1. Scan (1) open to solvent by 30 Å² or more (accessible area, probe 1.4 Å); (2) on the phi > 0 side of the Ramachandran plot for the single condition residue D:244 breaks and write down its number.
2. Do you know which residues across the range D:183-196 are open to solvent by 10 Å² or more (accessible area, probe 1.4 Å) and either within 13 Å of chain C (Cβ to nearest Cβ) or assigned to a loop (DSSP other than H, G, I, E, B) (or both)?
3. Which condition from (1) farther than 30 Å from residue C:295 by Cβ; (2) crowded, with 20+ Cβ neighbours inside 10 Å is the one that residue D:235 breaks?
4. Taking the options C:205, C:175, name whichever one is surrounded by fewer than 20 Cβ atoms within 10 Å (Cβ to Cβ) and in a helix (DSSP H, G or I).
5. Pairs, please: C-beta under 7 Å, at least 6 apart or cross-chain, first residue not assigned by TED's automatic domain parsing to the domain that holds residue B:7 and in the range B:49-77, second crowded, with 16+ Cβ neighbours inside 10 Å?
6. Restricting the search to the range B:228-244, which residues are among the acidic types (Asp, Glu) and more than 20 Å from the chain's Cα centre (by Cα)?
7. Before we move on, is residue B:110 out of contact with any helix residue (DSSP H, G or I) (no Cβ under 6 Å at 6 or more places or on another chain), of a type outside the set (A, V, I, L, M, F, W, C) and part of a helix (DSSP H, G or I)?
4 protein chains.
Amino acid sequence: MASVGIGLIGTGFMGKCHALAYGAVRAVFGDVPTPRLELLCEMPRDKAEAMADQFGFARVTDDWQNVVSDPAVDIVCITTPNKLHAQIAIAALEAGKHVHCEKPMALTLEDAEAMAAAARGSAGKTIVGYNYIRNPAFQHVRKLIEEGAIGRPIHFRGFVDEDYQADPDLPWTWRATKAEAGLGALGDLGCHMISMAVELMGKVRSVIGDVRTVHATRPSAEDGMHRPVENEDIASAILEFDNGVQGVFSTSRSAWGRKNYMAVEVHGTQGMICFDQERMNELRLYQNSGGNTQGFRTILTGPSHDPYGHFVPAPGHQLGFNDLKTIEAASFLRAIADKADAYPSFADALHFERVIHAIAASYGNRISI
Amino acid sequence: MASVGIGLIGTGFMGKCHALAYGAVRAVFGDVPTPRLELLCEMPRDKAEAMADQFGFARVTDDWQNVVSDPAVDIVCITTPNKLHAQIAIAALEAGKHVHCEKPMALTLEDAEAMAAAARGSAGKTIVGYNYIRNPAFQHVRKLIEEGAIGRPIHFRGFVDEDYQADPDLPWTWRATKAEAGLGALGDLGCHMISMAVELMGKVRSVIGDVRTVHATRPSAEDGMHRPVENEDIASAILEFDNGVQGVFSTSRSAWGRKNYMAVEVHGTQGMICFDQERMNELRLYQNSGGNTQGFRTILTGPSHDPYGHFVPAPGHQLGFNDLKTIEAASFLRAIADKADAYPSFADALHFERVIHAIAASYGNRISI
Amino acid sequence: MASVGIGLIGTGFMGKCHALAYGAVRAVFGDVPTPRLELLCEMPRDKAEAMADQFGFARVTDDWQNVVSDPAVDIVCITTPNKLHAQIAIAALEAGKHVHCEKPMALTLEDAEAMAAAARGSAGKTIVGYNYIRNPAFQHVRKLIEEGAIGRPIHFRGFVDEDYQADPDLPWTWRATKAEAGLGALGDLGCHMISMAVELMGKVRSVIGDVRTVHATRPSAEDGMHRPVENEDIASAILEFDNGVQGVFSTSRSAWGRKNYMAVEVHGTQGMICFDQERMNELRLYQNSGGNTQGFRTILTGPSHDPYGHFVPAPGHQLGFNDLKTIEAASFLRAIADKADAYPSFADALHFERVIHAIAASYGNRISI
Amino acid sequence: MASVGIGLIGTGFMGKCHALAYGAVRAVFGDVPTPRLELLCEMPRDKAEAMADQFGFARVTDDWQNVVSDPAVDIVCITTPNKLHAQIAIAALEAGKHVHCEKPMALTLEDAEAMAAAARGSAGKTIVGYNYIRNPAFQHVRKLIEEGAIGRPIHFRGFVDEDYQADPDLPWTWRATKAEAGLGALGDLGCHMISMAVELMGKVRSVIGDVRTVHATRPSAEDGMHRPVENEDIASAILEFDNGVQGVFSTSRSAWGRKNYMAVEVHGTQGMICFDQERMNELRLYQNSGGNTQGFRTILTGPSHDPYGHFVPAPGHQLGFNDLKTIEAASFLRAIADKADAYPSFADALHFERVIHAIAASYGNRISI
């Protein structure tokens, strides 16, 4: 297989994650094209050079347009602030590049739709970084449901919480603005859970939602003046999936103690299955089997839960967060090699965006007590 | 203190629980009036006699009206099928008796309101058997919130699940009918969680709900013909409390693997607290304290969590389900001795009934995706 | 069935526990003789009277010899300080009474042997209060092993920890003396685990032990002078059972955070089973069944785990510490009614005493590194 | 910093792990010398070529002596079958190479001592692959103990179990022979726990041990004839550390359900700390702090637990098994750059070997019951 040139824009949290993933993916999987770490984009240029030296990229630039237009770049990885996703992705697609874009797609639904439209008109393949659905433990949940391990699904609950905005004294930042951040908890965390819900239950048909901004203002770090928080800290919704099943959803970025809580329950006619990303290497399964030994089974992942075995050949040894991006990169490289669509493409991920924006927009028909 | 005559109607699950509670409460607490197990009502009479011999009741009857009118009976304990609660309770109150009634109050909101009205017009005290709020672990949750251990509450999640109606092949019973059972999961399980939510957060102001009957029909055990299930298997709602806080609520009687799951989370500005009745002797507390040792603390109950110490003087030794009813009985006996209102009285519990009936009646203003 | 007169000596932690158990056992089980709470012994007499009023005993005394000689007393319950067990038990047996004695049997192995000898020469039945083996969850462990659920047992681990002697600043008490307390952690806690080990694995054939006194002296509460701690805070041993299986055992009364930790693992050729009394209503079972859904199953106790159903007819509702003594009382009442030996009789429990005294006496043949 | 040439011998479980670690370490840490994947050794040669292509090595050989003598190789990574460790390591050290050897050092204590002697006489640095002590969660355990978070350590318990030899029907392999495998569970698993024990408690002074071979023979896959299992399936010991503290140790390779169970408890005068590698991203801490909120705290690792933050800047996102080897590689590269000794060097690891061989050799002075 020919090698594939990687152009990475951004070197922060997810930028490093992409660099590690494309750096490791060939050694882990063997059967994917070899990525070449071709061009790294960061500002200023000396930072770009330092990070390229660390990450192992061949060349640097401080202008993302150079990445989009570089002939040696096949995949453009976008890990910039979210508000830049749309223009970079669209430019890259117009230049015929494949695009690996971090989530959420964009700040507004309009931008996300424009990205999906650009993807439809381009030869480039697209994928959005919903990495948690790559977890072998989570894929085992999906597979068990598909195989009928819990019968027919009848109810869903999904929660995603962190506490990075829990502290009331935290200073005001761009995260609090619609212009810079778009949605709050829904855009940062909630969309992950929607991607997981759809993976297990299929698409969402309708929502009834309710959102709350817990900390209406925050003090500016510069002048101490309080400025408004324009987006939600907490959002909850009752979902209905296309298959008619009811779901409950809630997300908070102000949930003390929750670091990467992504808890899922699927209730079925013959069992239940539960998963939480904070214990990402295990899942819990209950099957109605009669007798006096029924109980939730804690299943530790291992080589029988693909693609765990590509990382470690022994069970219980555990994958980490960065390994999920490596799996995602393998998936994208294979799609490109096969000239097939990757999942979730811009078209697929647009659905997740629609759901979170619908929750943000919805107001329930309350019944007073 | 003078002794108090107990008249118990019903000898099933909760009837036995009342008998054990009033039999043990004086030995456990010491400072409550001594209950006399005076009169037991069951049908037929020979069953009443056998159960009175087992439970230690002095006399028997097979007609509840005899209990209501018996001069030696001070407290009428109602543990009959729910549809009989209202007429017995109202008759007992009219006879000036104190009434200890199992939950839910009645099948319909109208009956519950009639019971509350009867209580207002009677010298008798009332209490409804919301026993889970008696748990020292749960009361410790309440106390910690009151003391500010998690700052100001900002979000609530509460779930109550069992699996006694999970099996699709389970025969049709009276539980499936509005006439005999009233509400489904909401009436049997959901009202418990509302009592717990109100204990921690205060009253509910409004709800948006969604209910589902998973198994639309069930086969009759007699003729195998399928008959309709008239009430809900699953109900979910977004709540708003009087303090403005958003809550998420869901209940299912068809949740495989859940035996007595009553899980509560309260998110606060400085911490979070979690509890699940399936591990009824522990709770989990996270407090924002900085440093690198922050984490959810699993607190085992002990003598410092009142009234645990009346049962066992050493921590970690654990109370059981029946002990909760003993605490409830002590609370009612003390209220009667003090000529004070018990909690939750019929007036208090009416609020819980209103919430579950509102959820059952509500239909959200859905936004289609 | 005729009623059975109970004479209880002691009203502390375990005295109250016995009073509650014999007060409830008939209502719970139905098919056992009805206990009469006949005579309560405590000093001084006015305390005896107050406790008899609370517990529901008919008469009182401040001299245990009156209990032993009272014609209306059938069962003598001994919940005094441990050093008094032997003389009271022997006197009661000589008077032909049945004896329900708390554990450990005595301070010394010689006294325990004298008690067992007295039992052999008496018509009275005996039982020692190893209540943890009564737990339906623990009995389910035993039953699963017997049924072959984990194949042939090949290894055992058992630990029992509390933290009541963990604080270095705790004052010196009688607990620290051989004359008043006998063994330390082994006598108070360790013997419980030996009773549990024997229940699951059969008798112990040999031990290699090691004991440690962590806090060599403690300050007297009176004069602040440090006095020696004469017995062990921690004891560990490698066991060998009569069936040839190796076991690991450890106990500590200075284990911060452990409140009633009694953790058991049995490894078998086809599975493993684990239990911890701090979560006394559940157990964990792993069975080798192939496939990709293997895992430890958390089984919540319920009516299918006898005698849980006598307390509550629904699973997951949980028993408490005091319920275990009620099961023990039922077992003793049934043995007496059937003129059969109860378990563990003085003869049975003598084995547990032998094991802990052997551990205390053993010194391993160390290999220096 | 100059780059460092890596020569890797072996491409199995740990060979791939080394390749991934040296491939990622520079991108993860930034401040370490850049490894060059110089020479890969595997047999036959075409397998070596395929794996070099996958792992990214520049050149291949099918003879380990070529690695040892290659001038471009600075570090020789030994991931061969254990019986080859000694001769390769000694040859590499004699050639002046740095040696990164997998554990255990060798099949016999004599070989391990020869390796340590060779290290003393060489300019090459050495490190043995005790990767579990690299885990940030485990290092946080060590740091908390050092900082006095649990007071003075008074007791240790350590267990390490897997189930890869649990199945009685598993065919006989070289693992069952002393000549090919050396020790059984002690050599494969137990030595890891000794490395962890020493990390937390200091060196081991003496042991009393007991070993068992559960499955005395196993059927040959070739002819079905049963052949003897020459080494232990289970080993247990009571340890004494140089600081005088008692420890309990047990290991099994036949423990159904245990996949990578490495459970540690350290009891201290002011608290307790627990860790299990099967949940490698968390630890549990109890501190005596008085009050009614005491409990074990489940701490999720994050950037405050070095070097977690080099992998992910957000807490709770989790590292995996392979990340531990990356940390180990960074540690070795830094030691080499600093001309300092790495830990655990051959001299350090020799202590772990001595402990497991002492356990295997010890026979306790049993006291019969």
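The values are calculated or read from the model by the stated rules, or taken from the named source; none is laboratory data. In this text, all values refer to a predicted model and were calculated from it rather than measured experimentally. Here the Cβ is made from the backbone with ideal geometry for all residues, glycine too, and neighbour counts use every protein chain on show. Protein only, heavy atoms only, side chains kept; ligands, DNA and RNA dropped before computing areas. Shrake-Rupley method; radii C 1.70, N 1.55, O 1.52, S 1.80 Å.
1. Going through the list (1) open to solvent by 30 Å² or more (accessible area, probe 1.4 Å); (2) on the phi > 0 side of the Ramachandran plot, residue D:244 breaks only (1).
2. Hit for the range D:183-196 is D:183, nothing else.
3. Condition (1) is where residue D:235 drops out.
4. Going through C:205, C:175 in turn, just one is surrounded by fewer than 20 Cβ atoms within 10 Å (Cβ to Cβ) and in a helix (DSSP H, G or I): C:175.
5. Here the result reads none, with nothing in the range B:49-77 linked to a residue that is crowded, with 16+ Cβ neighbours inside 10 Å.
6. Those that are among the acidic types (Asp, Glu) and more than 20 Å from the chain's Cα centre (by Cα): B:230, B:240, B:242.
7. In short, yes.
Residue-by-condition table, conditions (1) among the hydrophobic types (A, V, I, L, M, F, W, C); (2) open to solvent by 20 Å² or more (accessible area, probe 1.4 Å):
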position	(1), (2)
C:76	yes, no
C:83	no, yes
C:91	yes, yes
C:95	yes, yes
C:100	no, no
C:108	no, yes
C:115	yes, no
C:130	no, no
